[in-house]
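**Student:** I am attaching a structure below and will ask some questions about it afterwards.
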Amino acid sequence: MSAHSTESNIRPEPDRELVAVADYVCHTPISSDEAYDTARYCLMDSLGCAMLALQYPACRKHLGTIVPGTIVPGGVRVPGTSYQLDPINAAFDIGCTIRWLDYNDTWLAAEWGHPSDNLGAILSVADYLCRRPRDARRLTIRNVLTAMIQAHEIQGVLALENSFNRVGLDHVILVKVASTAVATKLLGGSQRQIVDALSHAFIDGQSLRTYRHAPNAGQRKSWAAGDATSRAVRLALLALQGEPGLPSALTVPKWGFHDVLFKGNPLKRSRPYGSYVMENVLFKISFPAEFHAQTAAECAMTLHPLVKDRLDEIDHVVLTTQESAVRIISKTGPLHNPADRDHSLQYIVAIPLIFGRLTADDYEDAVAKDPRIDVLRAKMQVVEDARYTREYLESDKRSIANAVQVFFKDGTSTEKVEVEYPVGHRRRRTEGTPLLMQKFAANLATQLKPEKAKAILDLCADRQRLEATPVDGFMAMWVRE
């Protein structure tokens, strides 16, 4: 005789964390002026990154209608293009362009990610609502900024103590979760509908981190966020159509997210949802590179004048870094494509040491074929500093420290150049904001005519006027004829 257990079919109350997220987006007011001001810079920077990405054919080929020739009257605009798409495809395209060059904002914790990835869903849904022929909701950029703060908070707070990458899942799961919550709210969903949509976000098949790591690193990591935001919009629309949720999607034994995908561990959360993440978000200002290497690139830029004429004399280079950088972006051997190179600590240091710069073009084959790069990479030694690792995790510091020192064959060496906080860190916000504006203006110039670029710059510089601008009017400014 064999024993069989009988599963209870009594539906429980929804999981507490699903309810907590829904309660936050429905009932928690955002009162932080700093958060709204930072969100404005985040909106500008993210769309600037999207403009720069449109220079690259590998990005552009992912955009537009899935079936060529499809027309969506009054569809959602994709900034920098002439496309008008349904909100699901538009979310993909907007998310794809923002994320393509790995140049938008970053959040580092037990799990890292890029909270502005959620803009794919937020802008798509907001423009869609404004352009519906019947019952149009005139959402403004203030609504967009509020949704951004909420999405940043959901993604970032859940990342503080829950490391999805350590169980093999990609961090875009949190993009999908955060985007699902705010998209459902923007669409007019109730608290219960947000809970229902979130339950589906967690039971979806989740992306593996395969495409971020050797030997499979590739450009899927550049469109993974767009994929997550588009899925979020679909789930939000389904919830608004009455699709029932699965109340114990996280906690049900054997079949729930915790048991199936999180090794039986419950999701942890150490702080209430508010505006903490937006206030502390990290901007990539100087370099389009994986964030753990930002300060390493800054160190290399400082050393460039001292080594540029002595490259043949270099014996070895010591890169001192945090554990996360060692685990994620320290690579030896061949690098196969731009997506591989922008996640290589050694490559990111080699380029500024040799050329005194690091731009998105430096990851392309035309630059990567320079034989000096791989020769220098082979001379690099990556070492973890326990203090760097510890202070990376401390909530009152969250440093992202790196140091670079070059040793020559004659026994001499450069000084050990150390940078603990990148220019995009909250501790360097005063220094970084003018540079962020310069980056924004330069990125706009790559795709938009001067008069359009100036109109956008003038509007974004006036926070009060920007926040009052209807979303459809704002999106129309980005259309490329």
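**Student:** Could you give the length gained by full extension between Ser163 and Glu7, i.e. 0.36 nm per residue of separation minus their alpha carbon distance, to one decimal place?
**Tutor:** Length gained between Ser163 and Glu7: 53.1 nm.
**Student:** How much mean residue ellipticity at 222 nm does the chain get from its helices, if each DSSP H run of length 4 or more adds -39500 (n - 2.57) and you divide by all residues, to the nearest 500 deg cm²/dmol?
**Tutor:** Computed mean residue ellipticity for the chain: -15000 deg cm²/dmol.
**Student:** Give the span of the chain's Cα atoms along each principal axis, as three whole-Å numbers ordered largest to smallest.
**Tutor:** Extents along the principal axes, in whole Å: 75, 74, 44.
**Student:** Give me the number: length gained by fully extending Lys263 to Glu415, i.e. 0.36 nm times residue separation minus the C-alpha to C-alpha distance, one decimal in nm.
**Tutor:** 50.2 nm
**Student:** Before anything else, pin down the relative contact order of the chain: Cα pairs under 8 Å, at least 6 apart, normalised by residue count, whole percent.
**Tutor:** Value for the chain: 20 percent.
**Student:** Would you mind checking Lys221/Lys308; Lys308/Lys331; Lys185/Lys452 for any pair whose Cα atoms are more than 29 angstrom apart?
**Tutor:** Numbers: Lys221/Lys308 32 Å; Lys308/Lys331 23 Å; Lys185/Lys452 32 Å.
Listed pairs above 29 Å: Lys221/Lys308; Lys185/Lys452.
**Student:** Classify the stretch 264-324 as rounded, prolate or oblate from the Cα gyration tensor: take a ≥ b ≥ c as the square roots of its eigenvalues, call it rounded if a/c is under 1.5, otherwise prolate when a/b beats b/c and oblate if not.
**Tutor:** Judged from the Cα gyration tensor, the stretch 264-324 comes out prolate (a/c at least 1.5, a/b above b/c).
**Student:** Then there's this: Taking the simple approach of a point 7 Å from Cα along Cα-to-Cβ for both Gln55 and Glu481, what is their distance in nm?
**Tutor:** 2.4
**Student:** Taking the Cβ of Pro272 as the centre, find all other residues whose Cβ is under 11 Å away and add up their charges (Lys, Arg: +1; Asp, Glu: -1).
**Tutor:** Neighbour charge sum, excluding Pro272 itself: 0.
**Student:** A follow-up question, please. Which whole-number percent gives the relative contact order of the stretch 299-435, counting Cα pairs below 8 Å spaced six or more residues apart?
**Tutor:** 34
**Student:** To continue, here is another question. Under a crude label model (7 Å from the Cα following the beta-carbon direction), how far is Ala214 from Ala468 in nanometres?
**Tutor:** Rounded to a tenth, the inter-label distance reads 5.6 nm.
**Student:** Ok, one more. For the stretch 109-232, compute Rh as the Kirkwood radius over C-alpha pairs and then the Stokes-Einstein diffusion coefficient at 4 °C and 1.567 mPa s; write the answer in µm²/s, rounded to an integer. Numbers along the way, then the final one.
**Tutor:** On the way: Rh = 14.9 Å.
D, rounded to a whole number, is 87 µm²/s.
**Student:** Nearest 20 debye, what's the magnitude of the dipole of the stretch 158-272 about its Cα centre given +1 on Lys and Arg Cβ and -1 on Asp and Glu Cβ?
**Tutor:** Dipole magnitude for the stretch 158-272 comes out near 320 debye.
**Student:** Classify the stretch 172-285 as rounded, prolate or oblate, taking a ≥ b ≥ c as the square roots of the eigenvalues of its Cα gyration tensor: rounded when a/c is under 1.5, otherwise prolate if a/b is larger than b/c and oblate if not.
**Tutor:** Taking the square roots of the gyration eigenvalues as a ≥ b ≥ c, the stretch 172-285 is rounded.
**Student:** Suppose each label sits 7 Å from its Cα in the direction of the beta carbon; what would the Ala445-Arg137 distance come out to in nanometres?
**Tutor:** It is 3.9 nm.
**Student:** I want the local charge near Pro87. Using Cβ-Cβ distances under 15 Å, sum +1 for each Lys or Arg and -1 for each Asp or Glu among the other residues.
**Tutor:** +2
**Student:** Next question. Local charge sum around Ala50 (other residues, Cβ-Cβ under 11 Å, Lys/Arg +1, Asp/Glu -1)?
**Tutor:** Overall, the nearby charge balance is -1.
**Student:** Kindly give Rg over Rh for the stretch 300-425, based on alpha-carbon atoms, with the Kirkwood expression for the hydrodynamic radius.
**Tutor:** 0.96
**Student:** HN-Hα J couplings of the stretch 296-312 from phi, Karplus 6.51/-1.76/1.60, θ = phi - 60°, integer Hz, Gly and Pro as x?
**Tutor:** 5, 5, 5, 4, 5, 4, 5, 7, 3, x, 7, 10, 4, 9, 10, 4, 5
**Student:** Here's another thing I want to ask about it. Thinking of the stretch 49-91 as a set of Cα atoms, what percent of all their pairs are more than 12 Å apart? Each step should come with its number before you reach the end.
**Tutor:** Values: 534 of 903 pairs.
Summing the P(r) of the stretch 49-91 above 12 Å gives 59 percent of all pairs.
**Student:** Here's another thing I want to ask about it. Within the stretch 387-421, list the residues whose amide N lies under 19 Å from a label point set 7 Å along Cα→Cβ of Arg271.
**Tutor:** Within reach of a label on Arg271, which here means backbone N under 19 Å from a point 7 Å along Cα→Cβ, the stretch 387-421 contributes 390-401, 421.
**Student:** Taking the alpha-carbon distance from Lys439 and a cut-off under 16 Å, which aspartates and glutamates remain once sequence neighbours fewer than 8 residues away in the same chain are dropped?
**Tutor:** Asp45, Asp102, Asp105, Asp361, Glu431, Asp458
Throughout, read-outs are computed from the coordinates displayed, never taken from laboratory work. Remember, predicted model here, so these are calculated numbers, not experimental data. No Cβ is skipped: glycine too gets one built from the backbone with ideal geometry, and neighbour counts run over all protein chains shown.
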